[in-house]
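Here the structure is laid out as structure tokens; the discussion comes afterwards.
Bear in mind that the values in this text are calculations on the coordinates, not laboratory data. Just so you know, these numbers come straight off a predicted model, no measurement behind them. A quick note on method: Cβ atoms are made from the backbone with ideal geometry, for glycine too, and the neighbour counts reach across all protein chains shown.
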Amino acid sequence: MSAHIEPVAITQTVLDACEHLDTASLSDALDSLGINGGLPGIVSQVPGTRCVGVAFTVQYEAVDTPTAFKGAANYIDHVPCGAVIVSSNAGRHDCTVWGDIMTHFALANGIKGTVIDGVARDIDTVIRCNYPLFSRGRFMQSAKNRAQLKAVQVPVVIDGVTVRPGDLLVCDGSGCVVIPQQLAAEVVRRAQAVEQTERSIIEAISTGSTLENARSTYRYDQPWLTDAEKVSVGERP
């Protein structure tokens, strides 16, 4: 039996900080805590876009018998402003769970972006709208009589990574990373340190340092350490 995890609200300070952090740094920060938060194979469908927000999860399942249209997208009426929709369609490539109507609704209601374990359609429209959409690919075929809504706001598992309602999602050109809500503040702190370490290394090699020396000087083996922590570690016998 899995342990119950109490939800923790992600602060606006953390959300604002993530607007200035890339997924690579956040992934490195998660690695330092022994957590795998990357979603393999889910990539941006709209170049140049990114999104930051709390997860609103949606779970689909295969239709067992063809039935009348059930309006499986109507859940979106209940997605709060500022959320990132995480839609689990079991990685299916044969039917879509996102298109132009939902894109327009999301933009009109302050939804930050959409992450799909599956495919999306109407991509030309999504690109024109510059809406942050991340999925396994593109395919025009409808989900009608192929997939149906199973549940919302439940944990979903994508390639072994569990996404819980309220977890932090950050997506950019390198992909999508899931940050457990209980660890969001610490992950952000470490990611900021990672980016500072990398800036220091880049500055050093730009002024003539070898890569080996720069990485050694700025402790690239543990880039999530702050400058003070690096000094402390270096002084240990």
Sequence order, the range 85-100: Karplus ³J(HN,Hα) from phi using 6.51 cos²θ - 1.76 cosθ + 1.60, θ = phi - 60°, Hz rounded, Gly and Pro as x, gives 6, 10, 10, 9, 10, 6, x, 5, 10, 9, 7, 9, 10, 8, x, 5
For the chain, the dipole about the Cα centre with charges only on Cβ (Lys and Arg +1, Asp and Glu -1), to the nearest 20 debye, works out at 620
Once Gln153 and Ala9 are pulled to full extension, the length gained, defined as 0.36 nm per residue separation minus their Cα-Cα distance, is 50.4 nm
Everything considered on the Cα gyration tensor (a ≥ b ≥ c; rounded for a/c under 1.5, else prolate if a/b is larger than b/c, else oblate), the range 78-161 must be described as oblate
Candidates for percent of Cα pairs over 28 Å apart are (1) 37; (2) 30; (3) 33, and the calculated one carries label (1)
Taking a crude spin-label model, label points 7 Å out from Cα along the C-beta direction, the Arg138 to Asp16 distance in nm is 3.7
Scalar couplings 3J(HN,Hα) for the range 163-178 by Karplus 6.51 cos²θ - 1.76 cosθ + 1.60 (θ = phi - 60°), nearest whole Hz, x for Gly and Pro, are 10, 9, x, x, 5, 8, 10, 10, 10, 8, x, 8, x, 10, 10, 9
The chain, Gaussian network, Cα under 10 Å: of Gly175, Gly110, Gly91, the residue fluctuating most is Gly110
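Identify the chymotrypsin sites (Phe, Trp or Tyr not before Pro) of the range 20-84 meeting these criteria: DSSP loop state and at most 15 other C-beta atoms within 10 Å of the C-beta. Don't jump to the answer; show the numbers that get you there.
Values: sites: Phe56, Tyr60, Phe69, Tyr75; in loops: Phe69.
Passing both the DSSP loop test and the Cβ count: Phe69.
When the helices in the chain are scored as -39500 (n - 2.57) per DSSP H run of 4 or longer and the sum is shared across all residues, what 222 nm value do you end up with, to the nearest 500 deg cm²/dmol?
-9000 deg cm²/dmol
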The answer for Val86, listing residues at least 5 apart or on another chain whose modeled amide H is closer than 5 Å to its amide H, is Phe56, Thr57, Val58, Val115
Taking placed amide H atoms and a strict 5 Å upper bound, the residues 5 or more places from Trp98 or on another chain that come that close are Arg121
